[in-house]
Amino acid sequence: MQPAISKTPLIDSGDVATKRAEIKQHFISTYETYESLFTCLINDDAYYLKPEPLRHPLIFYYAHTAVFFVNKLRVAKIISDNIDHDIESMMAIGVDEMSWDDLNEANYSWPSVQAVQNYRDQVKDMVLHLIDTLDLNIPIQWEDPFWIILMGIEHERIHLETSSVLIRQMDLQHVQSQTQWTRYSKDHALVENTLIPIREAVIKQGRTIPSNTYGWDNEYGQLETEVKAFKASQFLVSNHEFKSFVQDGGYLDQQWWTEEGWQWCQYKQAKHPTFWIPNGDNWLYRSMTEAIEMPWSWPVDVNYLEAKAFCNWLSARNGKAIRLPTEAEWYCLYEQTMSDQTPYPKWQKTPANIDLAIAASSVPVDMFTFGEEQIADVIGNVWQWTETAIDGFKDFQVHPAYDDFSVPTFDGKHNLIKGGSWISTGNEAHKDSRYAFRRHFFQHAGFRYVESEQQVNQTFNTYETDELISQYLEFHYGDEYFNVLNFPKACIDALIPYVDLTQNNRALDLGCAVGRSTFELARYYQQVDGLDFSTRFIRNAINLVEHGEVKYMIPTEGELTELKSFNLTELGLGDKINNIEFTQGDACNLKSKYTNYDLIFAGNLIDRLYQPKQFLDSITERINPGGYLVITSPYTWLEEFTEKQNWLGGIKVNGENYTTLDALKDQLKTAFEMVALPQDIPFVIRETARKHQHTVAQLTIWRKRS
């Protein structure tokens, strides 16, 4: 008999009194179910063991979910005081196993189990009091206090599942079976997996505020995907079906594995799935608290790397294009087979092995089928790995109370799992939920495969976190501050009226940094080369050409950051990207190919060169007759960039002031003429939310004599 657990409440309708009572029951049900899970540990000593070397012992997770309530309520300024500072500081941040070979051997002075239980009891009383007394508005929205309460509840639902996985990884001598956490007891006759046609569709994803239930930040926004027709396996891959891969030496043959997968396989010395236990010539299966005779009809539990290797092996064996489904393909499967099903949380009878409704384990892969096609386990049983690395949708926003829930996973290394498992409750059971883990991570997760010739195109989703690069991304593409116009755009807008655009074949943007002025020049010139000495700057500019967007974190204060993103199309810069080439190079030592330009723009470059005179001498020959050299600079000469004897100006010559503009006139007068009066163009660079650099550059335009 599994513990009865409440469904996540609808938050867009209902009267206040009823909704308050419903949320209260949702909290109590979650809190008590979580505590009951830990009765599967045989004694207090088991709380301090590490079944997974890359994660904390279970005492941490027993406290962590209660600590989360306190810390998020404080961040949201709903409460002002700690309950237990020591526990809250120690148990606040978990271990995201970012690398399978990066062991954390840090020592902690963990509190006793009783101390943690006392703390949990205090937190429970506090949250119940808040539920009784906080203002409650319907619909409940992001900024409402009850959103934070729901956040804490759903966070504990996540850890209900992840903690059960850790218990499953613990040595059997430290766990015990409990009647409220009973596994399924039957093994069905084996079924043969077949491929079922799934129709093409346009999949629209993304929730809006107000939503009908609580959702995590990555679920909100918009994404539309055209999915071509494909075939999907009728069943999840069972232990029996996966056995063929094991017997064929799949874990010993590098050809089936990705580079990351083979490194993991070698490191772990893996020869079979983690929850399979060799038993002579046979196998046992590790459920959460027992080792039982292998249930061959149950789904295999593997990580992404193993699932991917199996697909590669099966593809070669069958001569078909076999792979894991994408997130959008999973939605195609869902929409084609589940249209007659009432979605969570409105269902009256649970239609699958999900939401703790059936057993504290998997069940046979043919037990729950859906639609005319009788496709099994579209939801439930085990999570299904996908080929899709998680990313935010268009208009994605971070919730200010939990800014590191999703963003750390937007790195191209965390793949989405879909459909939920037997212990997925609350938001995890919702069809719009989006959870992602590192590819070596173990969850109650397996997979189904698809046959499709459609290539998987991953969205570029790395967030730039280098502080200097992020600062320049904001400077070039972000907000304008103190009513000062975007500087790279303002420079190009200022020079265009003074140049002859009948001569517009080639332009060079020297010192282009992250490329905004290059994109602006491409509005007017048929080919634009962007060049910068810094490969870090150029990498971001190239990423923009290839992917059209960049996401970055900028500091607000101290270690706090703000997530920003921009899209070239939205900025009106996406039309001419084929006219642009970004490369790394030294402005004082340019390759011979950088020549025959109608315009060279040197933005805030001249006072950062180690040989500015040499630069001016050499650049003359690279400009066509009648072409232009445009220079901007605040003339901030510093010896860390340019030795003083090489400064163009800002010095005394024969006892008189000699400015950089004086030097430019002297240096360029033979080959160039100034075609407009110098212009002052201000710019603001944001350092933090409350600190900005306000600078004024001077722009001069020089035309090469014919």
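The values are calculated or read from the model by the stated rules, or taken from the named source; none is laboratory data. Predicted, not measured: the structure shown is a model, and the values here were computed from it. FYI the Cβ positions are ideal-geometry reconstructions off the backbone, even for glycines, and counts take in every protein chain you see.
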Requested in this report: Considering only the range 188-209, state which residues are in a loop (DSSP other than H, G, I, E, B) and either under 21 Å from Ile158 (Cβ atoms) or in contact (Cβ under 8 Å) with a residue 12 or more places away in the chain (or both).
Outcome: His188, Ala189, Leu190, Val191, Asn193, Thr194, Arg199, Glu200, Gly206, Thr208, Ile209
Query - Index of the failed condition, Thr8 passing every other in (1) closer than 30 Å to Thr350 by Cβ; (2) hydroxyl-bearing (Ser, Thr, Tyr); (3) assigned by TED's automatic domain parsing to the domain that holds Thr162 - result: (3)
**Report entry** Scan of the range 390-415 for residues that are over 10 Å from the mean Cα position of the chain (by Cα) and either modelled with pLDDT of 95 or more or of a type outside the set (Asp, Glu) (or both), ordered by number
**Finding:** Phe393, Lys394, Phe396, Gln397, Val398, His399, Pro400, Ala401, Tyr402
Query - Single residue of Ile492, Ile538, Ile580 found to be buried (at least 18 other Cβ atoms within 10 Å of the Cβ), at pLDDT below 90 and in the same structural domain as Leu609 (by TED's automatic domain parsing) - result: Ile538
Query raised in the report: Among the numbered criteria (1) part of a loop (DSSP other than H, G, I, E, B); (2) buried (at least 20 other Cβ atoms within 10 Å of the Cβ), which single criterion is violated by Asn212?
Result: (2)
Query raised in the report: Can you name the number of the only condition in (1) out of contact with any strand residue (DSSP E or B) (no Cβ under 7 Å at 6 or more places or on another chain); (2) not in a loop (DSSP other than H, G, I, E, B) that Asn589 fails?
Result: (2)
Report summary line: Looking across the range 85-133 at residues that are touching a helix residue (DSSP H, G or I) at 6+ places or on another chain (Cβ under 8 Å), crowded, with 17+ Cβ neighbours inside 10 Å and in a loop (DSSP other than H, G, I, E, B), the single one that is modelled with the lowest pLDDT is Trp100
Report task. Could you look through the range 602-629, keep only residues that are touching a Ser or Thr at 6+ places or on another chain (Cβ under 8 Å) and part of a helix (DSSP H, G or I), and pick out the one that is nearest to Phe641 (Cα to Cα)? Result -> Arg608
Query raised in the report: Would you say Ala429 is crowded, with 23+ Cβ neighbours inside 10 Å, over 27 Å from Asn567 (Cα atoms) and either of a type in the set (A, V, I, L, M) or touching a Pro at 6+ places or on another chain (Cβ under 7 Å) (or both)?
Result: yes
**Report entry** Members of the range 19-53 found to be in a helix (DSSP H, G or I), under 28 Å from His440 (Cα atoms) and aliphatic (A, V, I, L, M), listed by number
**Finding:** Leu37, Ala46
Query raised in the report: Would a scan of the range 596-616 turn up a residue that is free of Cβ contacts under 8 Å to residues at least 40 places away in the same chain, in the same structural domain as Leu521 (by TED's automatic domain parsing), surrounded by 14 or more Cβ atoms within 10 Å (Cβ to Cβ) and closer than 26 Å to Asp500 by Cβ?
Result: yes
Query raised in the report: Within the range 135-161, restricting attention to residues that are touching a residue at least 60 places away in the same chain (Cβ under 8 Å) and of a type in the set (Asp, Glu), which residue is farthest from Gly215 (Cα to Cα)?
Result: Glu161
Report task. Go through the range 682-704 and count every residue that is among the hydroxyl-bearing types (Ser, Thr, Tyr) and either modelled with pLDDT under 95 or more than 16 Å from Pro634 (Cα to Cα) (or both). Result -> 1
Query - Filter pass, Ile322 being of a type in the set (Val, Ile, Thr) and either closer than 23 Å to Leu252 by Cβ or in contact with a helix residue (DSSP H, G or I) (Cβ under 8 Å, 6 or more places away or on another chain) (or both) - result: yes
